[in-house]
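The values are calculated or read from the model by the stated rules, or taken from the named source; none is laboratory data. Every value quoted in this text rests on a predicted model; they were computed, and no experiment measured them. Here the Cβ positions follow ideal geometry from the backbone for every residue, glycine too, while neighbour counts run over all protein chains shown. What goes into the accessible areas is simple: the full protein's heavy atoms, side chains included, and nothing from ligands, DNA or RNA. Shrake-Rupley method; radii C 1.70, N 1.55, O 1.52, S 1.80 Å.
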Amino acid sequence: MICVENISKSFNGRAVLRDVSLEMQEGETLAIIGRSGSGKSVLMKHAIGLLQPDKGRVLVDGIDIGRISYRELRTVRRQFGVLFQGGALFDSMSAFDNVAFPIRTFTDSTEQQVRDRVLRCLDLVNLSDVGTKRPSELSGGMIKRVALARAVALEPRYILYDEPTSGLDPHTSTTINNLIKGLADQLDVTSGER
Amino acid sequence: MAALEQRLIRPLYSLGRYALLLSKGFTSLGHFSVYRKNLIVQCGRVGIDSIPIVALAAAFSGAVTTVQTAYQLVSPFIPPSVIGAVVVPSLILELGAIVTGFILAGRVGARIAAELGTMRVTEQIDALEAMGLNSIGYLIVPRIMAGIIMFPVLYVTAVLVGVGGGLAAAVATDVVSTGEFIRGARENYLVFGPMFGLIKSFVFGFVITSISCYMGYYTEGGAEGVGRSTTQAAVISCVYILLSDLVLALVLL
C-alpha cells in the first residue's frame, strides 16, 4: 500500500502541492487528473522518493521513505515500475537493451533467460519486432510502449504512469490504455496514473 | 541584500553539493559488475578516442617550443644542446599535462556534461533512480575513474609525441642536430619530472571529469540548460586545471 500523508512542496516559493493525502490499496488502479502544472508529476515523484516533501510523508508498505537510508530507499524503489512522460528510454541503447537493462542489473538471469523475458515483455506491448531499433528510430507511441515493457520487466508490485497517453493519437492512446488495464489484470499490480 | 547573500552562498552551496555528489557516488557503489562495462566504454571514450587530438596538439607544442627556444637562446655563446635541455623538461613538467588538460576539458568535459545533462532533462537519470539504481555511482563513478586511469596514458603519449615533434622541428629547421638535442635533454633530465607530470595528470583527470559530471548531473532547464552546463563544464574545468597546476607546483616543486 502507498500512503501519501499531508505532503506539501514548493519550488522557489511557489507552492505546487499543499497538504495532499491519498492512499493506494493493493491491486487498485488509481488515476489522478488535473490541469497542466497542477503538480501531478511532482506527486508521482514523491511516491518513489525522487523528490522529498517540504512537509508530510510518504509510506510504502508502512515504511516512511523519507526516513530511510539511500540504500534502503533503492530497495523500496525496486518494487516500482515507472513510465515517465517522455518514456525516458536510454538513448544509448536499443529497445531490447532498454528492456533488458533492469533484468541484467538486478537479477542473475542468464543471457538466454534475459532474452526470453525481454521478448515476452515486448510482446506484451505488441512490439516484438523493434528490439534492435534505437529510441531515436521509434515513434512517440512506440517509445511509450517500450518504456512500458521496461517498467514491467521485473514484474513490479506497483506501476506509476506519468501521462501515458499524452501527445499520442486516439488509436495509440486506446492501445496504451488497454495495455495498462490488461497489465493490471495480468500482473495483479497496483497502478497510479496521471 | 538578498542578491549579495545569494552570491556569497551560491559557491558554498555548489561546493557542498559537489562533495555530496562524490561521496554518494563512491560510498554506495554496489557490485562492480554493474559498472565494469560502463568503465571500459568510458576509458575508450575518454582515453583512446582522445589520442589523435592530444598527439596532434602535443606534436605542434613540441615543435613550436623548439623553434621559439632556438629563436630566443641560440647564439655563438650558448651551446645548441640547450634547446633539448629546455624543450624536453618543459614538456615533461608542464606542457604535456596542461595541453592534454585543456584538450580534455573541451573535448571530454563538454561531452560528459552534454551527455549527463541530456539524460537529466529527458528524465533518464530519474528512470535509473526509479529502478533502484544508484545513478551517481552508475553514471559518474565510471567517468571519473576513466579520467583518472586514462589521463596519465594521454600525458605520456603527449610527452613522447611532443618530444618527437620538437626534435623533428629542430632537425627540419637545422638549429640543432639530433645528437645535440638528445644530449641536452639527458644532461638536464630531472628524475622527479615525470613523477610530477604523472601526479598532475591524475589530478587533472579527476578535476575535469568530476566537474563535468557535476555540471551535467545537475542540469536544469531543457536544451538551453544543457548548452549552459556544457559551456560551464569546459570553462570551469580549465580554470580549476590552472589553479591545481599552480597549487601542485607550489607544493611539490
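State the percentage of accessible surface on the range A:79-194 attributable to carbon and sulfur atoms; use a 1.4 Å probe and exclude ligands, DNA and RNA.
So the carbon and sulfur contribution to the accessible surface is 45 percent.
Calculate the spin-label point distance for B:Leu253 paired with B:Ile53, positioning each point 7 Å from the Cα along the beta-carbon direction, and give it in nanometres.
2.7 nm
Share of Cα-Cα pairs in the range B:140-253 beyond 25 Å, in percent?
42 percent
What FRET efficiency do you get for B:Gln72 and B:Ala19 if R0 is 41 Å and r is their Cβ-Cβ distance, rounded to the nearest 0.05?
The value I calculate is 0.35.
In the range A:8-53, what residues drop by 30 Å² or more in accessible surface going from the chain by itself to the full protein assembly, probe 1.4 Å?
Buried by 30 Å² or more upon assembly, which counts only protein chains, are A:Lys45, A:Leu50.
Excluding residues on the same chain fewer than 8 positions from B:Lys24, give the aspartates and glutamates whose Cα lies under 19 Å from its Cα.
Of all the aspartates and glutamates, those that pass the test against B:Lys24 - Cα under 19 Å, at least 8 places apart if same chain - are A:Glu72, B:Asp126, B:Glu129.
Helix-only estimate, please: 222 nm mean residue ellipticity of chain A, summing -39500 (n - 2.57) across DSSP H runs of length 4 or more and dividing by its residues, to the nearest 500.
Estimated from H runs of four or more residues: -11500 deg cm²/dmol.
Report, by chain and number, residues whose modeled amide H sits under 5 Å from the one on A:Val16, excluding near sequence neighbours (fewer than 5 apart, same chain).
A:Lys9, A:Ser10, A:Phe11
Seen from all sides and averaged, what is the projected area of the convex hull of the Cα atoms in the protein assembly as shown, in nm²? Before the final figure, lay out each step's value.
Values: hull surface 107.1 nm².
Its Cα hull, projected and averaged over all orientations, spans 26.8 nm².
Hey, with R₀ at 22 Å, roughly what FRET efficiency would A:Asn126 and B:Ala223 work out to, going by the Cβ-Cβ distance, to 0.05?
After rounding, the FRET efficiency stands at 0.10.
Over 19 Å between Cα atoms, which of A:Lys9/A:Lys45; A:Lys9/A:Lys144; B:Lys37/B:Lys200 qualify?
Long pairs (Cα-Cα over 19 Å): A:Lys9/A:Lys144; B:Lys37/B:Lys200.
Taking 0.36 nm per intervening residue step and subtracting the Cα-Cα distance, what contour gain separates A:Arg18 from A:Thr174 on full extension?
In short, 52.9 nm is gained.
How much accessible area per residue does the protein assembly as shown have, in Å², with a 1.4 Å probe?
Per residue, the protein assembly as shown has an accessible area of 47 Å².
Using R₀ = 25 Å, calculate the FRET efficiency as 1/(1 + (r/R₀)^6) where r is the Cβ-Cβ separation of A:Ala31 and A:Leu59; round to 0.05.
Values: r = 21 Å, r/R0 = 0.83.
Efficiency at R0 = 25 Å is approximately 0.75.
With a 1.4 Å probe and all protein chains left in place, how much of the accessible area of the range B:34-252 comes from carbon and sulfur atoms, in whole percent? Working shown, then result.
Details: 6560 of 9060 Å².
Carbon and sulfur atoms account for 72 percent of the accessible area of the range B:34-252.
Give or take rounding to whole Å, what are the principal axis extents of the alpha carbon atoms in the range B:48-111, in descending order?
50, 17, 17
In bins 5 Å wide, starting from 0, what share of all Cα pairs of the range A:1-45 does each bin hold, as a percent?
Final binned percentages: 6, 18, 30, 26, 13, 6, 2, 0.
Using protein heavy atoms only (no ligands, DNA or RNA), what is the total accessible area buried between A and B, 1.4 Å probe, nearest 100 Å²?
1800 Å²
Treat each spin label as a single point 7 Å out from the Cα along the C-beta direction, and report the B:Phe60 to B:Ile40 distance in nm.
3.5 nm
Quick one: P(r) of chain B from all Cα-Cα pairs, 10 Å bins, percents rounded to integers, in order of increasing distance.
Final binned percentages: 8, 27, 29, 19, 11, 6, 1, 0.
Compute log10 of I(q)/I(0) for chain A with the Debye formula, placing one identical point scatterer on every Cα and leaving out solvent, at q = 0.08, 0.15 Å⁻¹, to two decimals.
Cα-only, vacuum Debye calculation for chain A: -0.27, -0.93.
Report the Cα centroid-to-centroid distance between the range A:2-28 and the range B:12-60 in angstrom, as an integer.
37 Å
Give the shape of the range A:1-77 as rounded, prolate or oblate, defined through the alpha-carbon gyration tensor: a ≥ b ≥ c are the square roots of its eigenvalues, a/c under 1.5 means rounded, and otherwise the shape is prolate if a/b is larger than b/c and oblate if not.
Taking the square roots of the gyration eigenvalues as a ≥ b ≥ c, the range A:1-77 is oblate.
Check each of the trypsin sites (Lys or Arg not before Pro) in the range A:31-101 and keep only those in coil by DSSP with at most 15 other C-beta atoms within 10 angstrom; list them in order.
A:Arg35, A:Arg67
Set Lys and Arg Cβ to +1 and Asp and Glu Cβ to -1, take the dipole of the range A:98-150 about its Cα centre, and tell me which of A:Leu138, A:Gln113, A:Leu127 lies farthest positive.
Checked the options; the winner is A:Leu138.
Could you please report the charge total around B:Phe196, scoring K, R as +1 and D, E as -1 over all other residues with beta-carbon less than 14 angstrom from its beta-carbon?
-1
Any residues in the range B:108-135 that have 50 Å² or more less accessible area with all protein chains than in their chain alone, probe 1.4 Å, and which are they?
At a threshold of 50 Å² (probe 1.4 Å), the residues of the range B:108-135 that become less exposed are B:Glu123, B:Gln124, B:Asp126, B:Glu129, B:Ala130, B:Met131, B:Gly132.
So for the pair A:Asp185, A:Thr110, with labels modelled 7 Å out along Cα→Cβ, what separation do we get in nm?
Rounded to a tenth, the inter-label distance reads 3.5 nm.
List the pair-distance distribution P(r) of the range A:79-194, using every Cα-Cα distance, as the percent of pairs falling in each 5 Å bin from 0 up to the bin containing the longest distance, rounded to whole percents.
Binned Cα distances yield the sequence 2, 13, 25, 26, 21, 10, 2, 0.
Just for chain A, what percent of DSSP beta bridges are antiparallel, to the closest 5?
So the antiparallel bridges in chain A amount to around 55 percent.
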